[in-house]
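Below: one structure, written as structure tokens.
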Amino acid sequence: MFSRGLRAADGSRSAWLGSTTSEGSGRYGFTVAAGCHVVVFIAPSGSGFEGGGQCLQRFVCVSAGDQNLTIDAVLR
């Protein structure tokens with residue numbers, strides 16, 4: 001299990017919009033307003049993500065009512 005955070009993708013490095021920890025199977029979720037956001041994955045101590053690093057960002061833009069189930073990160 002690892003943590004995820006959510007920020008607005010407006011370049012301001014604004015305050016966190018939300019955070020969650022994945023369940024045992026790795027699933028997680030956020031409910032957000034329409035717009036562009038940055039999902040930030042933070043690996044547990046002693047772990048990292050494929051491609052290196054303990055922090056990974058994914059950018060996503062959603063419209064009202066969208067559901068995106070493709071934002072993921074893989075621990076190594």
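General remarks:
- Residues being part of a loop (DSSP other than H, G, I, E, B) and in contact (Cβ under 8 Å) with a residue 12 or more places away in the chain - total across region 34-66: 10
- Each residue in region 50-76 was checked for being modelled with pLDDT under 85 and either touching a His at 6+ places or on another chain (Cβ under 8 Å) or farther than 19 Å from Arg27 by Cα (or both), and 2 of them qualify.
The values are calculated or read from the model by the stated rules, or taken from the named source; none is laboratory data. These numbers come from a predicted model, not from an experiment. Glycine gets a Cβ as well: all are built from the backbone with ideal geometry, and neighbour counts include every protein chain shown.
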